[in-house]
Amino acid sequence: MTHQHTARLFKTLCDPNRVHIVQLLTRGEMCACQLLELLHIGQPTLSHHMKILCEGGLVSGRKEGKWMHYSLSQEGLQQMRDYLDGLTAPEQKASCKKCKQ
């Protein structure tokens with residue numbers, strides 16, 4: 001995963017509404033109308049947040065009739081897990097050639 005892709009993935013969570021949406025989607029797939037009721041935001045605002053979440057790879061959407069149904073992307077979540085695991089994995093110290101440590 002490139003630094004740019006990683007940044008975009010984590011940037012999707014830089015808004016309290018989007019964090020709330022992701023939390024709600026942990027329950028399973030939800031229709032946009034359900035999200036609107038629970039978030040108390042307007043449809044244009046929800047569309048904006050969902051676009052960012054989908055483009056970031058954390059959420060996927062499917063159209064059913066006139067409504068969109070959203071769910072968490074297991075692939076996007078795994079990419080986040082893998083990145084965080086890589087940050088916390090013990091690394092061997094690289095020796096510095098200049099200071100010989």
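The values are calculated or read from the model by the stated rules, or taken from the named source; none is laboratory data. Remember, predicted model here, so these are calculated numbers, not experimental data. As a convention, Cβ positions derive from the backbone with ideal geometry for all residues, glycine included, and neighbour counts pool all protein chains shown. Protein only, heavy atoms only, side chains kept; ligands, DNA and RNA dropped before computing areas. Shrake-Rupley method; radii C 1.70, N 1.55, O 1.52, S 1.80 Å.
If each of Y83 and C33 carries a label point 7 Å out from its Cα toward its Cβ, how far apart are those two points in nm?
Reported label-point gap for Y83 and C33 is 3.5 nm.
Which percent of the accessible area of the chain is formed by carbon and sulfur heavy atoms (probe 1.4 angstrom)?
On the way: 3920 of 7260 Å².
Ligands and nucleic acids excluded, carbon and sulfur give 54 percent.
How large is the helix-only mean residue ellipticity at 222 nm for the chain, computed as the sum of -39500 (n - 2.57) over DSSP H runs with n ≥ 4, divided by its residue count, in deg cm²/dmol to the nearest 500?
Details: 5 runs with 56 residues, N = 101.
So the helix-based figure for the chain works out to -17000 deg cm²/dmol.
Which residues make up the longest stretch of the chain clear of GluC sites (Glu not before Pro) that lie in a DSSP loop with no more than 14 other Cβ atoms within 10 Å, not counting the sites? If you can, show how the numbers build up before the last one.
On the way: sites that count: E29, E91.
Longest site-free region, per DSSP loop and neighbour criteria: 30-90.
Just to be sure I understand: if I project the alpha-carbon convex hull of region 25-64 onto a plane and average over all orientations, what area do I get in nm²?
Numbers: hull surface 11.5 nm².
Result: a mean projected hull area of 2.9 nm².
Return one whole number: the accessible area per residue of the chain in Å², for a 1.4 Å probe.
Numbers: 7260 Å² over 101 residues.
Roughly 72 Å² per residue, with all protein chains present.
Where in the chain are the DSSP H helices whose C-alpha atoms run 30 Å or more along the long axis and whose mean Kyte hydropathy is at least 0.5?
Numbers: long enough: none.
Both cut-offs are met by no helix.
Thinking of the chain as a set of Cα atoms, what percent of all their pairs are more than 21 Å apart?
Values: 2115 of 5050 pairs.
Considering the chain, 42 percent of its Cα-Cα pairs are separated by more than 21 Å.
With bins 5 Å wide starting at 0, give me the P(r) of region 4-52 over every alpha carbon pair, in whole percents.
Bins of 5 Å from zero give 4, 20, 33, 24, 12, 6, 1 percent of pairs.
Could you grab the relative contact order for the chain? Cα pairs under 8 Å, six or more apart, rounded to a whole percent.
On the way: 84 pairs, mean separation 28.6, N = 101.
After rounding, I find 28 percent.
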